[in-house]
1. Could you tell me how far the Cα centroid of the stretch B:150-193 sits from the Cα centroid of the stretch B:323-354, in Å?
2. Which distances, shortest first and in nm, link residue B:465 to the matching position in the other copies, using label points set 7 Å out along Cα to C-beta?
3. Taking every eigenvalue of the Cα gyration tensor of the stretch B:112-251, multiplying by 5 and rooting it, what semi-axes result, largest first, whole Å?
4. If I model a spin label as a point 7 Å beyond the Cα along the Cα-Cβ vector, how far apart are those points for residue B:30 and residue B:100 in nm?
5. Taking the Cβ of each residue in B:393, A:438 as the centre, tally the other Cβ atoms inside 10 Å and list the residues starting with the fewest.
6. Quick one: the Cα spread of the stretch B:236-416 along its three principal axes, in angstroms, biggest first?
7. Report the residue of chain A with the smallest Cβ-to-axis distance, using the rotation axis that brings A onto B, in whole Å.
8. Using a label point 7 angstrom from Cα along Cα-to-C-beta, what distances in nm, from shortest up, separate residue A:491 from the other copies?
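Derivation of every value follows stated rules applied to the coordinates shown; laboratory data play no part. Remember, it's a predicted structure, so these values are computed and weren't measured experimentally. Every residue, glycine as well, gets a Cβ built from its backbone with ideal geometry; the counts of neighbours run over all protein chains shown.
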Number of protein chains: 2
Amino acid sequence: MFNDATIPEIENAMQQAWKAFYIYRKCSLKQRADFMRAIARELEALGDELLKLTGEETNLPEARLRNERGRTIFQLNQYADACEKGDWLEARIDTAIPDKAPPKPDIRKMLMPLGPVVVFGAANFPFAYSTAGGDTATAFAAGCPVIVKAHPAHAGTSELVAKAILKAAADCEMPEGIFTHIHGASFDIGKALVEHIYTKAVGFTGSFIGGKQLFDWANQRKVPIPVFAEMSSINPVFLLPEKMKTDVVEMAKFYASSITLGVGQFCTNPGLIIGLEGKELTTFTETLGKEISKIAPGTMLHAGIFKNYRKKKDEALKQPGVEVVAFSETKPALNQGSPTIATVKGQTFLNNPLLHQEVFGPYSLIVCCKDMKEMLQVANHLEGQLTATLMATENDIRIHDKLVEAVKNICGRFILNSVPTGVEVCLGMQHGGPYPSTTDARFGSVGADAIKRFARPIAFQNWSNDLLPDELKNENPLSIWRTVNNELTKKSL
Amino acid sequence: MFNDATIPEIENAMQQAWKAFYIYRKCSLKQRADFMRAIARELEALGDELLKLTGEETNLPEARLRNERGRTIFQLNQYADACEKGDWLEARIDTAIPDKAPPKPDIRKMLMPLGPVVVFGAANFPFAYSTAGGDTATAFAAGCPVIVKAHPAHAGTSELVAKAILKAAADCEMPEGIFTHIHGASFDIGKALVEHIYTKAVGFTGSFIGGKQLFDWANQRKVPIPVFAEMSSINPVFLLPEKMKTDVVEMAKFYASSITLGVGQFCTNPGLIIGLEGKELTTFTETLGKEISKIAPGTMLHAGIFKNYRKKKDEALKQPGVEVVAFSETKPALNQGSPTIATVKGQTFLNNPLLHQEVFGPYSLIVCCKDMKEMLQVANHLEGQLTATLMATENDIRIHDKLVEAVKNICGRFILNSVPTGVEVCLGMQHGGPYPSTTDARFGSVGADAIKRFARPIAFQNWSNDLLPDELKNENPLSIWRTVNNELTKKSL
């Protein structure tokens, strides 16, 4: 067991982070990238000892953990490359026009880091969205020191990973305070971290209640700060009529595996499936039910998540008009989440906000609409989502334009004829959506654009070439893309 | 006089704006740009009638108004060009790798508009930051309908400009609801607009109290929305020792004109000048005082702003340790702001937060520090600013790196050897800084990057080429810059 950090410890960590900020932000892009790559290597070097401990702490199977560690290493390296490449800096140069009236000054802009970033580890991603995960990696790339609050459910894992980061920091001669690891099961630790004057941004992946609390604290500060909280999403899937005439059985099988992937503990788990009443939807529902009943329950991440799953699911199933379609035939053992599918009519769903809430686990609700008008109503009534999916033919899309546009409005990632689970780490990815799926739909937490969350523009007016940062010098010594007098170019001036 | 909008009128405006959002966002970049250019032409066509009315409403001289109208037209055209060019869309394409394990899907991302934007007209920029100003222009470029609440101090101007926008909208066959003009002197109108479910972002230029109120309302909504409020800034100027040995008299004269430009009613007015005790600072202060005493008071924008100037200035001058250096020798007439310079010691300034507050008008406070350590303390204690200026030689900058880095931390635009007044409209500009100068330092309100305030990324996964928006199609029919598999290019796939 680890002790909660004390307030003086937090104060000290923040003071150190603030000092480190002044040094680290002057490190070159290459130095930052090398530091990130060193973290990746140290993480790998933790070997099977790490996987074993994390397996014990999270109940996640070894194959998944091996994969997730690979992904975390991939992220660190990919974001390091992006950091060094510098596209994210949004470098802009407008050269002087002295004979304009009034004279136009030389003015050059780029992103600079915000300052120390507090990252809250995620329960469901002990590697990829925790201590050395996406938030930490992008904050380092942006030039920000990081303070991680370990998730109490995998505090040992977090401790090991933190040591790897600190080793990399020492090897790369990073300033003291570049990274601090803090334990804290109590509410007060989170509050103290978010409210500290030197905290300049917050990254969080978890429940709506947790994320909303951080957001409120951050906005009530004397100087508010941005909070990037990824909170809750039911990832609606719309089954369009022409598509349903094609491969409905295959579709149902595909979805059974998506719903139960990782015991449903993904933020992109499809928790809502919306179709039109009729024989196709009946076939879909029956097939999905049959598949689900064959899938064995799995042990969830920790007792709290399991209890929450059972409570939320029971609440949903108790609502008038909700009928269970199927659940796993295998009796669940301790802390095992049992895959479950239920169904409800469109109008009932529309009138009951509780059914719009996330049930975190292997559960999905099928909404049977009486017609396309009702399906459109459902789309218009849904809250903001990380993803939304259309199962549709080209014809469906062209005919049901209103529905397509309504769905576009509520999601960050718009998927066609696939499943929402599986979040590719690449620049084209958007993992973030309208509130309440995240607190800031203008940013995402996967892909190198996530670096921009932790930076802000600064313009240098009338500075001589020698005094400008390398990124903005005439010679373009870093060979980055810059917009010079409105044209994107790598050329020197 | 104009009547305040009623709640049903606001409801109707927002309903119309929401409907227009669905149509307008499907308009091509060229259609949006043409609409903006049409507004620019209609604004010009209002001719001298507009200037005359605005002069009566704001007390601003004709030459300034002519200039500001020119700038507003320039902004509309420049942002129209930027809109059409599409760099701001941040188009990203990652093509599928089917044989990767797991298979990588095709995923393509671009910015899409947030939805209806509410813009609050600014008192001090009746054209450039009001009805057809920067916020409106960038919202239109992003694809958002706009609802403008006229500033009551120039409601007639706003009404005329609104008619020009509506004429342009009709000529360009824009959907009904693309633009709505609302009058409202009461608090409740602003609240109803910010709290409306269909309002997706807010633009504001004005006082700290006003901006902070909008920010709080927006964050307390069930679904919080971004508020881009530009609020208050005292734009500190640091006089460095070696530079002070050069052209201190010229410098003082330069600053006398910057402090009094437009009766000091610019958000970038230099309200704080920080130097080191000694004969150079004495010369600077005396010269500045002599210049200021020769500058005649000017009529301020409206009685409220004048009263506020007098109240804030009197409060500041009453603080212990604050001494008046000089004020205009000319007796001010009704509602005329009298240029005033005062001085205070560094330690006194540090201990009195009231002296850090903006005094909106032709006023500046000279802070005399006993050494560079104290100057650094001042820099570290200052709140967030739109701009900060160094008057410094290259040597000064290299020697006083700690000061330079501390100042960098608190500003959005960092000026060397010039004055902060004068905000060039270009891509390299950053007009926005750490809180409380604006509510969101990650964005600015001048230059085409301001378009991004009103947009969010959406990723399309697994969509066929035909169904994708033109911006993301293989052929690149709009010939925009896109990042394809991590490389910026205009090539088709």
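1. 38 Å
2. Shortest to longest, the spacings are 4.4 nm.
3. Working: eigenvalues 219, 76, 44 Å².
The three semi-axes for the stretch B:112-251 are 33, 19, 15 Å.
4. Here the modelled spin labels are 3.5 nm apart.
5. Values: B:393 17, A:438 29.
Ascending Cβ contact count within 10 Å gives the list B:393, A:438.
6. On the principal axes, the stretch B:236-416 reaches 48, 30, 29 Å in Cα extent.
7. For chain A, the closest residue to the axis carrying it onto B is A:219, 2.
8. Ordered by distance, the counterparts are at 2.0 nm.
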